[in-house]
Amino acid sequence: MDIDDAVRGARLLASDIETSLGFAVHVETGTTDEWRRFAERTGRPEPKELVRVAVPDAGTAAALDPTEPGSATAEEFAMELARILQDDIQIHIREPWPKDPTASGRSLEPTERGWQSLADRAYLVRYGQLGNSADQPESHAYVATDTQLGFLGGPGRER
């Protein structure tokens, strides 16, 4: 996957988190010496490129290498990141997120097209559209440079 598409997917998810929860979200790219050392210690291949989404207010972050097989679109990359972050966010806020309006007490599920209800498969919210309304702030996600990547824990925090 192209790095620009991966960043776009990460920013779609960041927008959803920010508009629905009001949490700050950081989108970062690049690798660091810390990640390289981690790869050496664990015997894992060194990531060619990383796109990381950090949600400091929920104490969580996820990093994925978009050059690895898997996602083909920005939305699929957003889905992969959402699957990693969703449980941590729900634990932090102590309720389902994002709430499924068609099923009490359930969350919408990340899919390759957006947030979908398991109770009513016709209910779908595209990534980047969650919680959008006139009274909610626009996304303040930012893209950081390689040197800013390790600020929230680096290796050991990956998922």
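No lab work stands behind these numbers, since they all come straight from the coordinates. Quick caveat: nothing in here was measured; it's all calculated off a predicted structure. Because the Cβ atoms are built from the backbone with ideal geometry, glycine has one as well, and the counts that use them run over all protein chains shown.
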Any chance you could run the full-extension gain for Glu49 through Tyr123? It's 0.36 nm times the residue separation minus the Cα-Cα distance, nm to one decimal. 23.2 nm
Per residue of region 92-106, what does 6.51 cos²θ - 1.76 cosθ + 1.60 with θ = phi - 60° give for ³J(HN,Hα)? Whole Hz please, x for Gly and Pro, Karplus curve as stated. 5, 8, 6, 6, x, 8, x, 5, 8, x, 9, 8, 4, x, 10
What is the set of long-range amide H partners of Ala24 at a cut-off below 5 Å, with H atoms built 1.01 Å from backbone N? Asp57
Can you compute the FRET efficiency between Arg37 and Ile3 using 1/(1 + (r/R0)^6), with r the Cβ-Cβ distance and R0 = 30 Å? Round to the nearest 0.05. 0.85
Pull out the extension gain between Ala24 and Lys99, defined as 0.36 nm times the separation in residues minus the alpha carbon to alpha carbon distance; nm, one decimal. 25.1 nm
So for R0 = 22 Å, FRET eff. of Glu109-Thr73 from the Cβ-Cβ r, to 0.05, ends up at 0.80
Take the Cα atoms of region 1-119, find their three principal axes, and give me the spread along each one in whole Å, biggest first. 46, 28, 23
